[in-house]
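Okay, so here's the structure we're looking at.
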């Protein structure tokens, strides 16, 4: 009944190969962008882990009264009311970057040196939830 012929076996292996390649391609593109210094919104947070390793500092960001706040010591905390989001801040000193993620996607980034110079209040992040 379930006789596996050479052709069926080949088709099955080919389909599995295509699925595996298709699943890994977006992460490979994200890693390539990171290597090239192209920090576009939507980059996967885990691509940074694969490229740069664990961040030097981690925190969580929230928005209160139209201002965002960074809370150190909390990582991957759910924030928000009805629609919860994971909002992480990662700092990489060697790469001179501070990265803001919402639900594991990059939403904003700055050079760490520029961010430290002040004007932090003036920096705006996209809305956490739409």
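Brief remarks on what is shown
- Residues being exposed (fewer than 15 other Cβ atoms within 10 Å of the Cβ) and either assigned to a loop (DSSP other than H, G, I, E, B) or touching a residue at least 60 places away in the same chain (Cβ under 8 Å) (or both) - total across segment 46-59: 3
- Matching residues in segment 20-67 - criterion: being farther than 20 Å from residue 94 by Cβ and either modelled with pLDDT of 75 or more or in contact with a helix residue (DSSP H, G or I) (Cβ under 9 Å, 6 or more places away or on another chain) (or both): 26, 27, 28, 29, 40, 41, 42, 44, 60, 61, 62, 67
- Scanning segment 78-90 for residues that are modelled with pLDDT under 55 and surrounded by 14 or more Cβ atoms within 10 Å (Cβ to Cβ) yields 79, 80.
- Pairs are defined by a Cβ separation below 8 Å, a sequence spacing of at least 6 or placement on different chains, a first member in segment 9-35 that is at negative phi and assigned to a helix (DSSP H, G or I), and a second member that is exposed (fewer than 10 other Cβ atoms within 10 Å of the Cβ) and at pLDDT below 70; no pair meets this definition.
- Qualifying residue in segment 91-113 (condition: modelled with pLDDT under 90, more than 26 Å from residue 27 (Cα to Cα) and either surrounded by 12 or more Cβ atoms within 10 Å (Cβ to Cβ) or touching a strand residue (DSSP E or B) at 6+ places or on another chain (Cβ under 7 Å) (or both)): no
The values are calculated or read from the model by the stated rules, or taken from the named source; none is laboratory data. Note that the structure is predicted; figures quoted are calculated from it, not measured. Here Cβ is always computed from backbone atoms with ideal geometry, including for glycine, and neighbour counts include all displayed protein chains.
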